[in-house]
Structure formats: structure tokens, C-alpha cells
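First the structure, in the form of C-alpha cells, and then the observations on it.
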Amino acid sequence: MITYFFVFLAVLAVASALAMVISKNTVNSALFLVLNMLSLAGLFLLLKAQFLAVIQILVYAGAIMVLFLFVIMLLNVQDEESLFNKFRLKYFVAFLLGVGVFSQIIYSLGSFTDTLPTVSSDMAYVGTVEAVGDVMFTEYLLPFELTAILLTAAVVGALIVAQHKIKSGATND
Amino acid sequence: MISIDWFLALSALLFCIGIIGVLIRKNAIVIFMCVELMLNAVNLSLISFSSHYGNIDGQILVFFALAVAAAEAVVGLAIIIAIFRNNLSVDINKVNLMRW
């Protein structure tokens, strides 16, 4: 049963990732990325990481993708017409590089394939909110606070970058 | 139960789709979404290692990676808006101020 779920979610994740890369409309790309995030959240549930599955949906599919869609609709981006119309050397080289990296990872994975364990039995109570929070607020308290500072700095930086008035006539030719 | 290899292979596949997307697309927003996809692929492999070894530290690292991804998305989209204001396009081939 779990295997069927895994195959379903994995096929959904890969298909939505591919559709995101090759779809011409930017809004469609963003919505396919949301589908990809949701299937990854399902995979996290299969790995018994409940807290991170919920966080994945809340933060990624909820907050970050809404931000993306907001920017896409704010900028009113046109579709790319010439995405795959003509064959270019660039696409070929990019595809070759991607396949090269993939085969390297798979090759290095293949040499460890028998030494890796299956899902640990204490995982049923490791992935809960209680367990994650317990470790995060004791052992990892300082990085947690630093994350708060990082997010504040990001918000302030984004405000400064986005509201900065460009001087008139400053085109980059 | 599924062995960890399948999760790692899926993570590698998603990561490489992200790489190909970054390399072939011209729209800056789509490139940015491909970077998010690569971050997610790495998160998947971290969580699969964490749950297969029964150790919580991987999940904490994924939580911090999520926070960094949120910060990165905010700043990156602000930069994209600034670029769009400057030359009315998000096509990265037209952003050639620092290219010689």
C-alpha cells in the first residue's frame, strides 16, 4: 500500500516538475510548482515527518507561492513564444549537463545501495511537532533566534530594494 | 517498506530537473521557481536520511532551509521587481548591464 502511494506521489512530483519547466505560461508554471510542493508534502508524510509536511504546505505552497503569483500578476509577464520552437545548442548542452549530474548522483548512490537502512522504528514519535519543538527550543535555540533575525533582515532588504526609485533615463544599454 | 534508495533517486531526479530548468529558461521568475524546486529536492533527501536513521537533526536542518528559502524568495522577488522597473522585462537575456 505504501509502495503504491510512493509511486503515485513520485510520478506526480516528477510530472509536475517537468510541466513546470516546459510550460510557456508563467502562472501555469507557478501552479505546477504548487502541485509539486503538495506531492512532496505527501512524501514527507510517508517518511513520518508530519510536522514538516504541514510546514511544507503552509510555508511553501501557501506563503511563498502566493508571493510568486502576486509578483507574476503584478509584473504582467508575457508568455515566452520561442521556448522549444527551434532546436538550439543551448538546450542540448543544458540537457546533457542535467543528465550528467543525474547519472553521477545515481552512480554514487548505486555503490551504497545495500548499506542504507530502512525506515527506523523510533521514527513514529520522532517526526511529531512535540519532538521537533523539543529539540529546536533546547539544542538549536540559537540558530532558531538567528533565523528570526535573518527573516527580519530579508523583509527590510526586500523593502529597500523594491521601493528604490530608479533615476530617470538610467537604461542599461 | 520502501528502501531509502528510491527517495534519494527521486530527490536526484527532481534536483536535475531543476538544473535543466535553470539552464534552459529565460524568464527570471521561472528560473527562481526552479531554484525552489532544487531546494525542495535537497529537503526530501535530508528528510529521508533523517527518518531512515531515526535522527531528528535532519528535520531541524530542513526547517532552517525552509526559513532561508522564504528569505531568499522575498529578496529575489524584490530584485526581480527592481530589474523589471529598470528595463521592463524579466528576460535575463536583456539584463546585460554587467555583461561585456
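In the set A:S82, A:S29, only one residue is at pLDDT below 90 and among the polar types (S, T, N, Q); that residue is A:S82. Considering B:L44, B:L77, B:L10, B:L66, the condition of being buried (at least 19 other Cβ atoms within 10 Å of the Cβ), at pLDDT 90 or above and over 20 Å from A:V59 (Cα atoms) is satisfied by B:L10 alone.
Looking across the range A:103-128, the residues that are in a helix (DSSP H, G or I), hydrophobic (A, V, I, L, M, F, W, C) and at pLDDT below 85 come down to A:L109, A:M123, A:A124.
Candidates are the residues of the range A:14-36 that are within 7 Å of another protein chain (Cβ to nearest Cβ) and surrounded by 19 or more Cβ atoms within 10 Å (Cβ to Cβ); the one that is farthest from B:I29 (Cα to Cα) is A:N36. Looking at the structure I just gave you, is B:A65 among the small types (G, A, S), facing chain A (nearest Cβ under 7 Å) and part of a helix (DSSP H, G or I)? No.
Annotation: of all residues in the range A:52-75 being out of contact with any helix residue (DSSP H, G or I) (no Cβ under 6 Å at 6 or more places or on another chain) and more than 9 Å from chain B (Cβ to nearest Cβ), the one that is farthest from B:G76 (Cα to Cα) is A:V54. Among residues of the range A:62-75 that are in a helix (DSSP H, G or I), none has a beta-carbon under 6 Å from a residue that is surrounded by 14 or more Cβ atoms within 10 Å (Cβ to Cβ) and among the basic types (K, R) at least six positions away or on a different chain. For A:L159, the stated conditions hold: it is over 23 Å from A:Q56 (Cβ atoms) and modelled with pLDDT of 85 or more.
Within the range B:85-95, the residues that satisfy the criterion of being surrounded by fewer than 21 Cβ atoms within 10 Å (Cβ to Cβ) and either in a helix (DSSP H, G or I) or at the interface with another protein chain (Cβ under 7 Å from one of its Cβ atoms) (or both) are B:R85, B:N86, B:N87, B:I92, B:N93, B:K94. Residues satisfying the criterion are present in the range B:18-27 (criterion: touching a residue at least 24 places away in the same chain (Cβ under 8 Å) and within 7 Å of another protein chain (Cβ to nearest Cβ)). Could we say that A:Y4 is of a type outside the set (G, A, S) and facing chain B (nearest Cβ under 9 Å) here? No.
The values are calculated or read from the model by the stated rules, or taken from the named source; none is laboratory data. Everything numeric here is computed off the predicted structure, so don't read it as measured data. All Cβ positions, even for glycine, are placed from backbone atoms using ideal geometry, and neighbour counts span all protein chains on display.
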